[in-house]
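Worksheet: one structure, shown below.
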Amino acid sequence: REAFDRNAADPVVIANPDDRGGIAVDAVAPDATVETTVIVVQLRDLLRTYERAERESRAEALSETPLALPEGGGTSPYLTFTYTVLIPVLVFLPVFISGSLVVDSITEEIDEGTMELLRVAPVTVGEILDGKALAAVAIAPGQALLWLLLLEANGTPVANVGTILALMTALTTLVVAVAVGLAALAPD
């Protein structure tokens, strides 16, 4: 534990017998980083192996047969990280970028006084805001699709791309609508 506190060890695993004849395991890993994901996956595999060995060595002392453990899956830390962290970030980051983009666009127009210049054109303020919102909503699915195609090109298949993009577009529309409303009501 002292080595972990000095950053000289990545995880700390302490296994002690408990009061019921089992083994209590305490595991400590670094705060959430990419390295943490790899460490947690490795610890999980180590603890599963340890549990299997304990079950086998203690099987004769049991009065009932315990539930069978599922066969170990051979997931890689890369795939775990890709599907649980990377893809959600790549798909949902454009949602919030679009919201930020439309807020900045509207507030800058108001701050710089160029909204008055736009009102000279034969369009209403609502149409100006709708155009900015539509542009912000339109670019997000395109960006997410490009990320997903890049992952596919690099050998990481992504299923249900259409459903992912539809969900992402709906969320983008909601975020952009809230952003437009906030920017129009409170431009400061």
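Numbers for the structure displayed
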| read-out | value |
| --- | --- |
| Helix 161-185 vs. the chain, principal-axis angle (Cα, 0 to 90°, nearest 10) | 50 degrees |
| Cα-centred dipole magnitude for the chain, charges only on beta-carbon of K, R (+1) and D, E (-1), debye, nearest 20 | 460 debye |
| Amide hydrogen neighbours beyond the local backbone of residue 9, cut-off 5 Å, H modeled | 4 |
| Among 166, 49, 90 the positive-end extreme of the charge dipole of the chain (Cβ point charges) | 49 |
| Exposed-site-free run, longest, the chain (rule: trypsin sites (Lys or Arg not before Pro); DSSP loop; at most 16 other C-beta within 10 Å) | 21-118 |
| Hull shadow area, averaged, the stretch 11-55 [alpha-carbon convex hull, nm²] | 3.3 nm² |
| Entry for percent of Cα pairs over 31 Å apart (calculated from the structure that is shown) out of [x] 50; [y] 18; [z] 9 | [x] |
| Accessible-area order (highest first, 1.4 angstrom probe) of the listed residues 105, 98, 57, 63 | 63, 57, 105, 98 |
| Accessible-area order (highest first, 1.4 angstrom probe) of the listed residues 185, 171 | 185, 171 |
| Accessible-area value, residue 152, 1.4 Å probe, nucleic acids and ligands omitted, Å² | 90 Å² |
| For the stretch 17-22, Karplus couplings with θ = phi - 60° (6.51, -1.76, 1.60), whole Hz, Gly/Pro x | x, 9, 5, 9, x, x |
| Size-normalised alpha-carbon gyration radius of the stretch 80-171, reference 2.2 N^0.38 Å | 1.38 |
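The values are calculated or read from the model by the stated rules, or taken from the named source; none is laboratory data. Every value quoted in this text rests on a predicted model; they were computed, and no experiment measured them. We place every Cβ from the backbone using ideal geometry, glycine too, and count neighbours over all the protein chains shown. Calculation scope for accessible area: heavy atoms of the full protein, side chains included, ligands and nucleic acids excluded. Shrake-Rupley method; radii C 1.70, N 1.55, O 1.52, S 1.80 Å.
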